[in-house]
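The values are calculated or read from the model by the stated rules, or taken from the named source; none is laboratory data. Just so it is clear, the structure is predicted and the values come from calculations on it, not from any experiment. Using ideal geometry, Cβ is built from the backbone for each residue, glycine included, and neighbour counts are taken over all protein chains shown.
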Amino acid sequence: MWDLFLDPLSYSFMQRSLLVAITVGIICSVVGSYLMVQRLALLGDAISHSLLPGLAIAFWLGINIYVGAFVAGVISTVLIAWIHRRSPIKEDAAMGIVLSSFFALGITLITLIQKDNKIDLNHFLFGNILGVTPGEVRDTALIAVLVLACVALLYKELLFYSFDPLGAQAAGLPVNLLNIGLMLLIALTVVASMKAVGVVLVLALLIMPGATAYLLVTRFHQVMGLGAALGVFSSISGMYLSYHFNLPSGPAIVLVSAVLFFLALLFSPSQGVLTQPRTGAGESGLWREVRALMGGLKSR
């Protein structure tokens, strides 16, 4: 039995992969909790997809791809804010515009680069955590320390701003700086996660652990802490499933996180679909809704 857990640890690449997976599981859940509270899940997706041009250009210039990805993430956040403020376009539409534009540009650049360089850059889309190098483990750890330190130092301010931006502004907090700071934290988190799950799947780790915790606990610091624990569990479980069943690592991590979410959605003691107090003559609210829907279809 113990061999199932200890055998993967005998390989150095699995040790590095697990370190990165645990680190990414923590910071994605912590930063993603703010996104979920502010209902800005699309922003995480927009930033993650916007990294691709930076990755391609950094690779072409021969510089650190993390630097290129971060610069592209910053540019995308500034562009989203600029479109929203200088036009009648709503913020969600601005995110969609930037997301699709940067993603298309990134795919185009990657395709052009691959014509002259026999190297596969597509792992940035879906992750390649089993291929992390010691240097990438170091870079991920440094980014994680920076992100968690900023969250710890600005926890109260970010919490106030996330739940009540108008109240935070009235209280004299620099809401614009807080907003920019949060966007930079998201960009750093996505950069740290791209080797683990790729830019396509990183939104799942940003949102799902926090959403799962939200169904189980009530206070924000509990959501953040439990979300981080769930993120770590998902990352470790996904890595072991990947090793033992020869599955792609990034998608395996995301699938474990998705299973945890749907279990919480169904069986949460306070908010579970199947554990809600029964109404009427012993009939659950779920089945009442199903019957009402079927009745509406028959009446058409």
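So which pairs qualify, if the first residue must be in segment 189-214 and closer than 16 Å to residue 251 by Cβ and basic (Lys, Arg), the second must be modelled with pLDDT under 90 and not in a helix (DSSP H, G or I), the Cβ gap must be under 8 Å, and the two must be at least 6 apart or on different chains?
The qualifying pairs are 195/127; 195/128; 195/132.
Can you tell me which residues in segment 232-263 are over 25 Å from residue 2 (Cβ atoms) and touching a Pro at 6+ places or on another chain (Cβ under 9 Å)?
257, 261
Return the residue satisfying two criteria in turn: it lies in segment 203-255 and is among the β-branched types (Val, Ile, Thr) and buried (at least 21 other Cβ atoms within 10 Å of the Cβ), and of such residues it is farthest from residue 271 (Cα to Cα).
253
Identify all residues within segment 1-20 that are surrounded by fewer than 10 Cβ atoms within 10 Å (Cβ to Cβ) and charged (D, E, K, R); write none if there are none. Quick ask: steps written out before the conclusion?
Initial filter on segment 1-20 (surrounded by fewer than 10 Cβ atoms within 10 Å (Cβ to Cβ)): 1-3, 6, 10, 12.
Matches in segment 1-20: 3 only.
Please verify whether residue 186 is part of a helix (DSSP H, G or I) and either more than 23 Å from residue 249 (Cα to Cα) or in contact with a strand residue (DSSP E or B) (Cβ under 6 Å, 6 or more places away or on another chain) (or both), treating the condition exactly as stated.
Answer is no for this residue.
If a residue counts only when it is modelled with pLDDT under 80 and on the phi < 0 side of the Ramachandran plot, which helices (runs of 4 or more DSSP H) contained entirely in segment 189-300 have at least 2 such residues?
So the answer is 285-298.
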